[in-house]
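What follows is calculated from the coordinates using simple rules that are stated; it is not laboratory data. No experiment lies behind these values; they were computed from the predicted model shown. Every residue, glycine among them, receives a Cβ derived from its backbone with ideal geometry; neighbour counts consider all protein chains shown.
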Amino acid sequence: MGIELDHLIYATPDLDATVAALRASGVPLSPGGPHVGMGTRNFLGGLGAGAYLEVVGPDPGQDEPGAPRPFGIDSLAGPRLVTWAARTTDLDAAIADAAGAGHDAGTPGEMARERPDGVLLRWRLAFPPDNAGGVLPFLIDWGSSAHPSGSAAKGAALESFALAHPDPDRVAEVLRALGSDVPVERGPAGVTAVLGLPDGGRLELGE
């Protein structure tokens, strides 16, 4: 059993402005839906091969959440690629594999959101207490639910996906334990991606 890239998290303190800027750059995006109680909502763009881009930010239509919004959204000065989600078909086994490599992948939890067309999506996930600056993914298991890439706007493609960390060997060890062979370069912790756009252009996402 292994994991694979499920989606990239592009977090922003101003969702409408960021979506407008991405669309102006040529990235097709469609509304995803609100995360009720978390104070966030998202837009999605398909990247091919079952992966997608999630652009997530505050939802002004919700009351202020009782806890900080996920992905450090409340403290962001601008949009950035903050981390990635790794898809697994057996969340509990993936968590156990991570523990075997000395990595705490987090405690399983359940979430749900309703798509604009009324379809309810449900999934299980686990956030690691330490994600190495966003380089180590959170794990997600969609079970029998429809996968968001199926309804996300089409047209973009993921040309490259790169990870960097000051201790790349340790991060790579954890990824291998999870069943991932994504390479990790030495450098400041971060995630970068290059998208191929429908008009033939390219867009790099990162800090």
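Here the range 1-105 is assigned +1 on the Cβ of each Lys and Arg and -1 on the Cβ of each Asp and Glu. Its dipole about the Cα centre then comes out at about 360 debye. Hydrophobic, long helices, defined as DSSP H runs whose alpha-carbon span along the helix axis is 20 Å or greater and whose mean Kyte-Doolittle value is at least 0.0, do not occur in the chain.
Please name which of I95, P137, A49 has its Cα lying farthest along the dipole of the range 4-205 towards the positive end, using unit charges on Cβ (Lys, Arg +1; Asp, Glu -1) and the Cα centre as origin. It is A49.
Take each peptide in 147-160, 39-52, count the other Cβ atoms within 10 Å of every residue, and average; sorted highest first, the result is 39-52, 147-160.
For A105, the residues 5 or more places off, or on other chains, whose built amide H falls under 5 Å of its own are A99. For the range 32-49, 3J(HN,Hα) computed residue by residue from phi via the Karplus equation (6.51, -1.76, 1.60; θ = phi - 60°) reads x, x, x, 9, 4, x, 9, x, 10, 9, 9, 10, 10, x, x, 10, x, 6 Hz, glycine and proline entered as x.
Counted by Cβ distance under 13 Å from D16, the other residues give a net charge of 0, where Lys and Arg count +1 and Asp and Glu count -1. Report the percentage of all Cα-Cα pairs in the range 4-205 whose separation exceeds 32 Å, rounded to a whole percent. Roughly 11 percent, rounded to a whole number.
Computed from backbone phi with θ = phi - 60° and the Karplus coefficients 6.51, -1.76 and 1.60, the 3J(HN,Hα) list for the range 76-90 is 6, 8, x, x, 7, 7, 9, 5, 9, 10, 10, 7, 9, 9, 8 Hz; x is used for glycine and proline. Using only the C-alpha atoms, the convex hull of the range 2-57 corresponds to 88 Å³ per residue.
Under 5 Å from the amide H of D6 lie the amide H atoms of A85, A86, R87, each residue being 5 or more positions distant or on a separate chain, with H modelled from the backbone and absent for Pro and chain starts. Using the Karplus relation 6.51 cos²θ - 1.76 cosθ + 1.60 with θ = phi - 60°, the per-residue 3J(HN,Hα) values for the range 180-194 come to 10, 10, 4, x, 10, 8, 7, x, x, 4, x, 10, 10, 8, 10 Hz, with x marking Gly and Pro.
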